[in-house]
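Structure record follows, encoded as structure tokens.
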Amino acid sequence: MRLLEPSHIGRSTMNAVTEKNTIRTITTHYIDGAFVESHGREVMDVIKPTNRKVIAKATLGDEEDTRREIAAAKRAFTSFSHTTREERSRYLRQLHKAVSARIDDLTAAMVEEYGGVARFARLIVESGVNAFAAAESALQQLPLRESWGKTTVTLEPVGVAGLITAWNANALFICLKLASAVAAGCTVVIKPSEMSPLQTRVMVEALNAAELPKGVFNVVTGLGTVVGAELVRNPDVAKISFTGSVAVGEAIMRDAAATMKRITLELGGKSPTILLDDAALDKAIPAALTLAFLNSGQACAAGTRLLVPRSRLDEVKRAIRDEMRAFTVGDPADPNIMVGPMVSQKQYEHVESYIRKGIEEGAEVLVGGEGHPKGLEAGFFVKPTVFVNVKNDMTIAQEEIFGPVLSVIVYDSEDEAIRIANDSKFGLHSAVFGTDIQRARRVASQLRAGRVVINNMTDDPQAPWGGFKYSGVGREYGKYGIEAFLEPKAILE
């Protein structure tokens with residue numbers, strides 16, 4: 001793995017990442033333009049999800065580390081907030097170039113540390129890299145100043161921004177949030193998931209190579225209850241952008257109110273995929289299963305509810321059985337593998353508990369079921385599972401499982417399909433498959449979700465990303481993501 005070759009590790013971090021008996025050690029954070037030793041002393045083991053072996057030890061930051069990074073970002077904000085559109089565009093290009101040079105390393109780190117399947121891990125990393133180019137493009141189109149009569153309105157950076165990211169797409173989340181913040185003229189303090197220190201180290205090395213002014217971005221890896229909590233309560237942090245669970249998002253919203261922070265929350269989903277009665281199953285079923293099991297099911301946008309016309313249930317079941325042969329489970333480094341392990345023992349047990357719950361509540365296992373796939377007992381692997389005879393009020397149809405578990409739900413009319421799709425506390429992502437495009441668009445327009453795709457899994461880096469209801473607050477990507485880091489100010493003569 002190239003992650004540890006000396007030619008791919010910056011000189012400033014050679015003492016921070018070492019290898020001894022194949023166990024690497026990370027002891028520093030990135031504050032004010034330099035790698036500095038952690039003030040916090042708690043050490044966490046990094047467990048490889050394919051075999052449960054310790055592959056690294058990371059020293060976690062504490063409140064003092066966090067206050068140091070906030071202070072650095074506050075100092076840098078004084079000048080960075082006054083940069084021009086052209087200067088910010090140049091910084092975004094520098095970031096794009098620097099992170100692009102480490103795509104292979106970032107992908108390899110995600111495969112090893114997180115267990116992301118290689119084919120999907122690379123797409124995640126590339127999406128993160130492309131976020132810088134997309135933000136530059138959006139910045140060029142964004143009106144930062146408007147005037148009418150004797151009134152002038154300017155969009156100004158909100159201040160120091162705390163970026164708190166999740167473990168399932170580390171590179172993407174860091175790049176996406178950082179790109180929007182830099183485009184807006186904000187300085188940032190980043191708290192990546194403590195479960196992603198190896199990926200974070202490669203990312204920070206890449207960001208460091210972009211040579212941004214000192215203090216514009218700072219990174220401290222630590223626990224949410226320690227580093228994250230300090231970011232949320234510290235009055236010098238003006239905004240929090242968070243990706244993660246509903247429970248943590250609720251806590252952030254509540255605690256951030258004490259200092260009137262602006263917030264963006266992306267909290268997950270229980271996304272429906274609607275097969276209309278004229279859907280072409282040879283295309284729709286492979287796409288629907290890919291939506292359900294992308295990133296091994298550990299994805300907020302995963303289409304984990306498949307809504308099927310009752311009249312076509314039997315042929316859908318046959319198509320699922322046939323297509324599931326392609327969704328192989330195994331070593332995520334193998335490019336032919338579609339589903340890798342869960343990220344941790346805790347997540348493995350979490351998913352298994354939902355599979356048991358589905359059986360207990362009367363759903364029928366069409367494919368998969370409890371336990372490890374044969375021959376993969378050493379890691380955190382689960383069987384990709386498809387349930388049929390699922391009612392939408394069952395636990396497996398209402399709660400986010402965050403694993404490769406799909407619920408097939410039947411409906412009898414188009415209106416019922418829309419009602420079932422919207423009968424969820426989540427509203428992040430949805431999909432509609434049907435031959436009649438006008439009809440599919442009509443259905444899509446009635447779904448309470450932040451993004452709906454029709455007949456494919458397309459993406460648009462300028463389209464807003466975020467959710468209705470418990471899927472979060474605010475939007476990311478494109479001009480919508482940049483605007484989340486800006487405040488309008490009016491000057492009247």
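The values are calculated or read from the model by the stated rules, or taken from the named source; none is laboratory data. As the structure is a computational prediction, the values presented were derived from the model and not from experiment. Glycine also receives a Cβ, built like all others from the backbone with ideal geometry; neighbour counts cover every protein chain displayed.
Annotation note: of Thr243, Thr221, Thr273, the sole residue that is modelled with pLDDT of 95 or more, buried (at least 24 other Cβ atoms within 10 Å of the Cβ) and over 26 Å from His29 (Cα atoms) is Thr273. Being touching a Ser or Thr at 6+ places or on another chain (Cβ under 6 Å) and buried (at least 20 other Cβ atoms within 10 Å of the Cβ) is a description that does not apply to Ala279.
I'm trying to understand the selection: among the residues of the stretch 482-493, which are among the hydrophobic types (A, V, I, L, M, F, W, C) and outside any helix (DSSP H, G or I)? Explain how you work it out, then say what you get.
Of all residues in the stretch 482-493, those among the hydrophobic types (A, V, I, L, M, F, W, C) come to 482, 484-486, 490-492.
Hits for the stretch 482-493 are Ala484, Phe485, Leu486, Ala490, Ile491, Leu492.
Per the listing Val351, Val410, Val365, the residue uniquely modelled with pLDDT of 95 or more, out of contact with any helix residue (DSSP H, G or I) (no Cβ under 6 Å at 6 or more places or on another chain) and under 23 Å from Leu281 (Cα atoms) is Val365.
Taking the residues in the stretch 48-66 that are among the basic types (Lys, Arg) and in contact (Cβ under 8 Å) with a residue 40 or more places away in the chain as candidates, determine which candidate is farthest from Val188 (Cα to Cα). Steps first, please.
At the first step, the residues of the stretch 48-66 found to be among the basic types (Lys, Arg) are 48, 52-53, 57.
After this cut, where a residue has to be in contact (Cβ under 8 Å) with a residue 40 or more places away in the chain as well, the list is 48, 52.
Working: Lys48: 30, Arg52: 34 Å.
Looking at residues that are among the basic types (Lys, Arg) and in contact (Cβ under 8 Å) with a residue 40 or more places away in the chain, I get Arg52.
Tallying residues that are within 21 Å of Val432 (Cβ to Cβ), of a type in the set (Ser, Thr, Tyr) and in contact with a strand residue (DSSP E or B) (Cβ under 8 Å, 6 or more places away or on another chain) within the stretch 456-475 yields 1. Any idea which residue in the stretch 426-481 is surrounded by the fewest Cβ atoms within 10 Å (Cβ to Cβ), counting only those that are without any contact (Cβ under 8 Å) to a residue 40 or more places away in the chain and in a loop (DSSP other than H, G, I, E, B)? Here the answer is Thr458.
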